[in-house]
Amino acid sequence: MGEIDDAIERADREAFTKDPPKTLKGQIGFLLKQLGSAKAVAAELGVTADSVNRYRRGARKHARADVAAKIDDAVRQRWQPLVRKRRQKHAATTGGITVETRARFGYTSSAGSTDDGRFRRLTVHLPAAYAQQLFDARNAGASDQQMRGIIAEGFKEVYFQDGGGRAMGLSDVEINDIDYLDLDY
């Protein structure tokens, strides 16, 4: 997963209206409901079906650290899909998406202006169209670089060109060297 994908995942987790199960037994129970069988859960986690059944019964109270991380990730990916879908739909149709980042921005501009890339800390609310493009790209399996391009295009329009009020000679914006990136919608 790339930085943009991780940021979308974090934003989705913030949308939870109810916390996912915390106990190993509860997490395994949830995964069994979602995947249908101990064999399917075992295949997802990379353990045996017997191990899954021991976790379910409570015979094993703790999983190895690497398996526990896989269990937690599997539960969070499947937790409250309708809540996630509703928030993403709202962002893509009316709400838009807020991007907070510290990154190096480079750009191509008209002669006589500086185009040296430099670190900037920005918090910019992008319109719903950019949220829709970002979600569509992610669902289509786009690379992190392609999703950066969508965000960069939104920054160009909203921040650098101020919706058409300035920097009209700016033709291309790139996001490089991301220190951090966070999304909210």
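Relative to the longest principal Cα axis of the chain, at what angle does helix 81-90 sit, 0 to 90 degrees, rounded to 10? Its long axis makes an angle of about 10 degrees. For segment 1-41, backbone nitrogen atoms closer than 19 Å to the point 7 Å from ALA68 Cα along Cα-to-C-beta are found at 20-31. Which percent of the accessible heavy-atom area of segment 31-185 goes to carbon and sulfur, probe 1.4 angstrom? Ligands and nucleic acids excluded, carbon and sulfur reach 47 percent.
Among the listed values [x] 123; [y] 152; [z] 101, the one matching volume of the Cα convex hull per residue in Å³ as calculated from this structure is [x]. Here the sum of -39500 (n - 2.57) over DSSP H runs of 4 or more residues, divided by the residues of the chain, equals -14500 deg cm²/dmol at 222 nm, to the nearest 500.
Once the chain from ASP179 to ALA137 is taken as fully extended at 0.36 nm per residue, the excess over their C-alpha distance is 12.9 nm. Listed by chain and number, the lysines whose C-alpha is less than 16 Å from the C-alpha of LYS85, apart from same-chain residues fewer than 8 away, are LYS18. Which of VAL83, VAL47, HIS125 sits farthest toward the positive end of the charge dipole of the chain, with +1 on the Cβ of Lys and Arg and -1 on the Cβ of Asp and Glu? Toward the positive end, the furthest listed residue is VAL47. With only Cα atoms counted, segment 31-94 has Rg and Dmax values of 14.9, 49 Å.
For ALA129 and GLN77, what does the FRET efficiency come to when R0 = 25 Å and r is the distance between their Cβ atoms, rounded to the nearest 0.05? Computed FRET efficiency for ALA129 and GLN77 comes out at 0.40.
The values are calculated or read from the model by the stated rules, or taken from the named source; none is laboratory data. Note that the structure is predicted; figures quoted are calculated from it, not measured. When we count neighbours, we look across all protein chains shown, and the Cβ atoms used for this are built from the backbone with ideal geometry, even at glycine. Accessible surface is based on the protein model in full, side chains and every heavy atom, while ligands, DNA and RNA are left aside. Shrake-Rupley method; radii C 1.70, N 1.55, O 1.52, S 1.80 Å.
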